[in-house]
Amino acid sequence: MRLVTIVLLALIGWVQAELWLGKAGMAHVMDKRAELASLRQANEAAKQRNDRLQAEVSDLKEGLEMVEEKARSELGMVKPDELLVVLTPATPASANATAALPATASAAAAAGKP
């Protein structure tokens with residue numbers, strides 16, 4: 001019986017030594033956990049970078065419409081087969097000029113007659 005106890009204690013000691021000091025021991029597990037944490041951080045950074053790049057690609061794809069709209073509104077650009085019509089509001093100077101005309105002349109000017 002004494003021999004069985006000694007053998008069992010030796011086996012338990014050997015298993016514990018392998019657990020703490022062996023190839024797949026706790027030190028190895030802790031190293032792998034640290035490596036996993038750093039890889040997760042790198043993965044999160046890569047996901048954020050991918051999201052930024054995806055947003056940039058989306059902006060560039062949809063941005064062509066935005067660029068075209070800005071070119072049309074701010075620069076007055078038109079496509080080759082289009083006709084640009086610009087309506088400008090009456091300025092105070094032209095309103096004063098029509099007010100200075102006689103009543104019949106201002107009515108004719110408003111109607112578009114000379």
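Since every read-out is calculated from the coordinates, none of them should be taken as a lab result. Here the structure is a predicted model, which means the values were calculated and not measured. A quick note on method: Cβ atoms are made from the backbone with ideal geometry, for glycine too, and the neighbour counts reach across all protein chains shown.
Each of Leu83, Leu8 has some number of other Cβ atoms within 10 Å of its Cβ, and from fewest to most they run Leu83, Leu8. What residue among Val57, Val7, Val29 has its Cα farthest toward the positive end of the dipole of the stretch 2-83, where the charges are +1 on Lys, Arg and -1 on Asp, Glu, each on the Cβ? After comparing all options, I get Val7. Listed by chain and number, the lysines whose alpha-carbon sits under 29 Å from that of Lys32, ignoring those within fewer than 8 places in the same chain, are Lys23, Lys47. The stretch 2-83: D in µm²/s via Stokes-Einstein (Kirkwood Rh, Cα pairs, 37 °C, 0.692 mPa s)? Answer from the Stokes-Einstein relation: 173 µm²/s.
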